[in-house]
Amino acid sequence: MEQQQETFDVIGVGIGPFNLSLAALLDTQDVKAAFFEQKSEFAWHPGMLIEGTKLQVPFLADLVTMADPTNPHSFLNYISQQGRMYQFYILQRLDIPRREYNDYCNWASKRIESCRFGEKVTGIHRLEDGSHRVDVREEATGSEKSFFTKHVVLGTGSTPALPKALQGMPEEDVFHTADFEIQRHTCRDANRVTVVGSGQSAAEAFRELLKEQRTCGFSLDWITRSPGFASMEESKLNLEHFSPDYIDYYYPLSQEKKDEIFASQGLYYKGISEHTINEIYNMMYEYTVGGEELDVRLLPLTKVTGIEQKDGEYELTCHHYQKEDTYSKRTDKVIVATGYQPNVPEFVHDLSDIIEFDEYGRFKVTKDYRLVEKGENPYDIFANSGITHTHGVGSTNLGLAVFRSKVIVNQLLGEEVYTVQDSYVFQSFE
């Protein structure tokens, strides 16, 4: 394995929006940084970049603005560089198309020299002086190299969570919403299509299929174990849970209490936006004008407990848990919208001799985003993703990503480059 002798101040593992935000803020500082990503270019949930969908936070939650509005990697600078400033001005929207957010991040990633794509981190090793060796494989050639760094920042994001009951089926027929735009064309020739799950991704997949349902002729079912198809809680005072103030309140709580609270906050981040619910209902209403029959079923309170291939179809075992009734339902396609789980590479678990994990196998994290270590060390490993268990409901929110980047930058440089205020919102959670 070839070893590169230059030493970096920090190496980032993964380039999603969180680590890209950190790279963008570090790009204007006197820091030697490198960020490695196994994909060939930036891609943010490409399977859900549905035309017409919008980002669920204002464009101000870009990579840098909440820390430094003058940073050259801001969304407004992107709009200016694209020659679209007057069009955006006339648009008069705080929210932006999801496809445009992805294009913006791609634009920024190509401008930031520290971002290196097509290179996968395969290992992290702690050296005697406390620094780190990071092993990297070039995806196109398979060649392997090692780099040296003081600090490491993990930003490996999440992976689609497919329930065990739905695993093992052909991926062109039973697939996660993460692959929806890639596989949706295969639904057009089906007789029956079923969406399983709740939340925004399920609703968007169902809405897109509903648009094509009458033309293509398939029957369409939407099954969720939730009590209903609930809208996301987006009132302004509840949005203050996505703030540094709420982290200040949440972090000191016991892990048992944190897990209990987080389990009760689903509608803060897993509900359906009101405009999406309205679009679905309005379509179904219009489709039934004049007594036309709607070949659609919405089935809450129902858990899919199994799947089996039968006669070229798939038989779903469904359990209505309030009626305590189990029944079967046939379908040709199943779109699974059951969320995501933290992506923690195996090499992180290989560091168990130096970092601490809780009883559920989750790494422990300090309030300022350093992994808790078993001993003293001059250099740190930071966690920029996979921290909902320690920092709460806002951890995956783009609006808090820049705040986290500010905190990490200040620690890397040993000074308050970016101001961290005592309070940001109106209410007190104490």
Residues in segment 406-430 near a label at Glu240, defined as backbone nitrogen under 17 Å from the 7 Å Cα→Cβ point?
421-430
Where in segment 380-395 does the amide nitrogen come within less than 16 Å of the point 7 Å from the Cα of Tyr249, taken along Cα to Cβ?
391-395
Under the Kirkwood approximation for Rh and a Cα-based Rg, what ratio Rg/Rh is obtained for segment 35-92?
1.00
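Could you compute the FRET efficiency for Met85 and Gln427, with r as their C-beta to C-beta distance and R0 at 35 Å, rounded to 0.05? Intermediate values should be presented prior to the final figure.
Values: r = 36 Å, r/R0 = 1.02.
Efficiency for this residue pair is about 0.45.
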When all C-alpha to C-alpha distances in segment 194-317 are sorted into bins of 5 Å, what percent of pairs does each bin hold, rounded to whole numbers?
2, 9, 15, 18, 15, 13, 10, 7, 5, 3, 2, 0
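What's the FRET efficiency of Ser264 with Glu346 using the Cβ-Cβ distance as r and R₀ = 51 Å, to the nearest 0.05? Walk me through the numbers on the way to the answer.
Details: r = 32 Å, r/R0 = 0.62.
Efficiency at R0 = 51 Å is approximately 0.95.
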Prolate/oblate/rounded call for segment 16-66, Cα gyration tensor, a/c under 1.5 rounded
oblate
Distance between the C-alpha centers of segment 1-51 and segment 271-293? Whole Å please.
41
Treating only the Cβ atoms of Lys and Arg (+1) and Asp and Glu (-1) as charged, compute the dipole magnitude of the chain about its Cα centre; round to the nearest 20 debye.
620
log10 I(q)/I(0) for segment 262-332, Debye formula on C-alpha points only (no solvent), q = 0.20, 0.26 Å⁻¹, two decimals, reads -1.04, -1.04
If each K or R counts +1 and each D or E counts -1, the residues other than Val153 whose Cβ falls under 12 Å of its Cβ total +1
Say we join alpha carbon atoms closer than 10 Å with springs in a Gaussian network model of the chain; which of Cys105, Cys216, Cys187 then has the biggest fluctuation?
Cys216
For the chain, what is the mean residue ellipticity at 222 nm derived from helices alone (per DSSP H run of n ≥ 4: -39500 (n - 2.57); sum divided by total residues; nearest 500 deg cm²/dmol)?
-8000 deg cm²/dmol
Likely footprinting exposure, Leu63, Leu49, fewest C-beta neighbours within 10 Å first:
Leu49, Leu63
Of Ser254, Gly266, Gly290, farthest towards positive along the dipole that unit charges on Lys, Arg, Asp, Glu beta carbons give segment 249-305:
Ser254
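Show me the trypsin sites (Lys or Arg not before Pro) within segment 236-323 that DSSP assigns to loop and that have at most 16 other Cβ atoms within 10 Å of their Cβ.
Qualifying residues, ordered by number: Lys323.
Determine, for His349, His176, His45, the number of other Cβ atoms within 10 Å of each Cβ, and report the residues in order from fewest to most. Walk me through the intermediate numbers first.
On the way: His349 12, His176 23, His45 20.
Going from least to most buried by this count: His349, His45, His176.
For segment 115-252, give the magnitude of the charge dipole about the Cα centre (Cβ charges: +1 Lys/Arg, -1 Asp/Glu; no others), in debye to the nearest 20. Intermediate results must be reported in sequence, preceding the final value.
Working: 16 positive and 22 negative charges, 34 e Å.
That gives a dipole near 160 debye.
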Reach of Lys150 by Cα under 16 Å, taken over lysines that are not fewer than 8 positions away in the same chain
Lys32
Table column - 3J(HN,Hα) (Hz), segment 99-109, Karplus curve with 6.51, -1.76, 1.60, x for Gly and Pro:
4, 6, 4, 5, 5, 4, 5, 4, 4, 5, 5
Residue-wise HN-Hα coupling along segment 42-56, computed from phi with Karplus coefficients 6.51, -1.76, 1.60 (Hz; x: Gly, Pro):
5, 8, 9, 6, x, x, 10, 7, 7, 4, x, 7, 10, 5, 8
Distance cut-off 22 Å, percentage of C-alpha pairs in segment 22-123 lying past it
34
Can you tell me how segment 346-430 classifies by the Cα gyration tensor, rounded, prolate or oblate, using a/c under 1.5 as the rounded cut?
oblate
Whichever aspartates and glutamates have a C-alpha closer than 15 Å to that of Lys310, once near sequence neighbours (fewer than 8 apart) are set aside
Asp173, Asp332
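Taking neighbour Cβ counts within 10 Å as the exposure measure, how do Ile79, Ile277, Ile15 sort from fewest upward? Each step should come with its number before you reach the end.
Numbers: Ile79 20, Ile277 17, Ile15 28.
So the ranking, lowest neighbour count to highest, is Ile277, Ile79, Ile15.
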Quick query: amide H of Arg192 versus all other amide H atoms, modeled in the peptide plane; which residues come in under 5 Å with a sequence gap of 5 or more or a different chain?
Ser219, Asp332, Lys333
For Lys257, list the lysines whose Cα falls under 29 Å from its own Cα; do not include residues on the same chain fewer than 8 positions away.
Lys164, Lys236, Lys270, Lys303, Lys364, Lys367, Lys374, Lys406
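We did not get these values from a lab; they are worked out from the coordinates using the rules stated. All figures in this text were calculated on a predicted structure; none of them were measured in a lab. Neighbour counts are summed over all protein chains in view; Cβ atoms, including those assigned to glycine, are modelled from backbone coordinates with ideal geometry.
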